[in-house]
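Participant: Here you go, one structure.
The values are calculated or read from the model by the stated rules, or taken from the named source; none is laboratory data. Source: prediction; values computed, not measured. Every residue, glycine among them, receives a Cβ derived from its backbone with ideal geometry; neighbour counts consider all protein chains shown. Surface areas here come from the heavy atoms of the whole protein model, side chains and all, with no ligands, DNA or RNA. Shrake-Rupley method; radii C 1.70, N 1.55, O 1.52, S 1.80 Å.
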Amino acid sequence: MAVSVREVAAAASVSVGTVSNVLNRPEKVAPETVERVLSVIQDLGYVRNDAARQLRAGRSRTIGLIVLDAGNPFFAEVARGAEDRAAEAGMSVLLGNSDESPQREAGYLDLFREQRVNGVLLTPAGESVAGLERMQDAGVPVVLVDREAPGTSLRSVSVDDVEGGHLAVQHLLSRGRTRIAYVCGPRSIRQVADRLTGAQRAIAEVPGAQLEVIELPALTVLQGRAAGEQLVARPRAERPDAVFAANDLLAVGLLQALQLMGDLRVPDDIALIGYDDIDFAAATVVPLSSIRQPAHLIGYTAVDLLLRHLDAAADVDEPHVRFQPELVIRASTSP
Ligand code: RIB
């Protein structure tokens, strides 16, 4: 029978909250208390990740999900997949939007901890996942969505974004384009950085091909439009002949600017490819080529991983699932 956090608290003559603080925020606890609790944890053989016990201990029937941008249809589809799998288990999903802010993400993590959710799924807004590991150590399982963190104890469902970036730029090069711009959001977002890595690998395979990086504050339609206006304002000889947008929202904004604002035609003057293959990528004035991510399946699988972790009796507990991206070719890159 697994040792519970209550047994540790009783044996150390402290509250359950103090045990949780010793595990999560030891700086808030008197050193001699930390020493006593850790000694009891060792003596009793308490296993920190006793998430199945948490479920039996009457946690709420909820799961927390934090997305980078609730306005991005990609994450709406991820949330739909997560809800579908949660509903199969009689659970509900609480949705938080970090808006690519680590501070807002931290606020939602605190809220979900207070709400005693059974676990948290999130696409991290920043590079570090150390706080997520401490949260998991305190008994709240964490599954990374659309991102992995090798060498950590965190489960993950992701897409090979390096391969996705490679596919996108390899496709542009196959169309004879050689002056390519990567229009992206902050490279602190792992997906953005990985897509760039893949793009650089594709460029290195073609002598003479060039890659310019245009980094924007966020991956939104408005930012894409602003980038498009900059490209239109350049002298013709300084313009790229193709653009790889780090996601479809940027691509939609770029397309608006290129088509409506300037004398540039897509794909004749500038070929354009996005990423995610959100529903309206196919419906834009020039249907967008894109790199498809299985958004609904990502969300569904992330909850399934969490539920397997919570159910100690689950037969298979594969901690990492990685999907392959798919090139979708439409008019915006066709001859
Ligand atoms: O939020 C930025 C991007 O990261 C999304 O468009 C999606 O591609 C995710 O992977």
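Participant: Please work out the average accessible area per residue across the chain, using the 1.4 Å probe convention, and give it in Å².
Facilitator: Here the residues of the chain average 42 Å² of exposed surface.
Participant: What does DSSP give for the chain in terms of the percent of beta bridges that are antiparallel, rounded to the nearest 5?
Facilitator: Here the antiparallel bridges make up roughly 10 percent for the chain.
Participant: Output wanted: per-residue J couplings in Hz (rounded whole) for the stretch 171-179, from phi through Karplus 6.51 cos²θ - 1.76 cosθ + 1.60, θ = phi - 60°, x for Gly and Pro.
Facilitator: Computed from phi, the couplings for the stretch 171-179 are 5, 5, 5, 5, 8, x, 7, 10, 10 Hz.
Participant: Within the chain, which is the longest segment that contains none of the GluC sites (Glu not before Pro) sitting in a DSSP loop with at most 13 other Cβ atoms within 10 Å?
Facilitator: The segment 206-335 is the longest one with no such site.
Participant: Also, I was wondering about something else. So if we plug the beta-carbon distance of Ile329 and Ala30 into 1/(1 + (r/R0)^6) with R0 = 51 Å, what FRET efficiency do we get, rounded to 0.05?
Facilitator: 0.20
Participant: I'd like the carbon and sulfur percentage of the solvent accessible area for the chain, probe radius 1.4 Å, heavy atoms only, ligands and nucleic acids excluded.
Facilitator: 52
Participant: Out of the stretch 237-315, which trypsin sites (Lys or Arg not before Pro) are coil in DSSP terms and have no more than 12 other C-beta atoms within 10 Å?
Facilitator: Counting only loop positions with at most 12 other Cβ atoms within 10 Å, the trypsin sites (Lys or Arg not before Pro) in the stretch 237-315 are Arg265.
Participant: Something else: Which whole-number percentage describes the relative contact order of the chain, with Cα contacts under 8 Å and a sequence gap of 6 or more?
Facilitator: Once divided by the residue count of the chain, the mean separation gives 18 percent.
Participant: What nm distance separates the two modelled labels at Arg175 and Leu111, each placed 7 Å from Cα along Cα→Cβ?
Facilitator: That separation, rounded to one decimal, is 4.0 nm.
Participant: For Ala218 paired with Asp160, estimate the spin-label separation in nm (one decimal), with each label point 7 Å from Cα along the Cα-to-Cβ line.
Facilitator: Each label point lies 7 Å from its Cα, and together they span 3.3 nm.
Participant: 7 Å from Cα along Cα→Cβ at both Thr152 and Leu260: what's the point-to-point distance in nm?
Facilitator: Taking the two extended label points, one gets 3.9 nm.
Participant: Let me ask something else about it. If R₀ is 41 angstrom, what is the calculated FRET efficiency for the pair Ala87 and Gln42, using the beta carbon separation as r and rounding to 0.05?
Facilitator: 0.50
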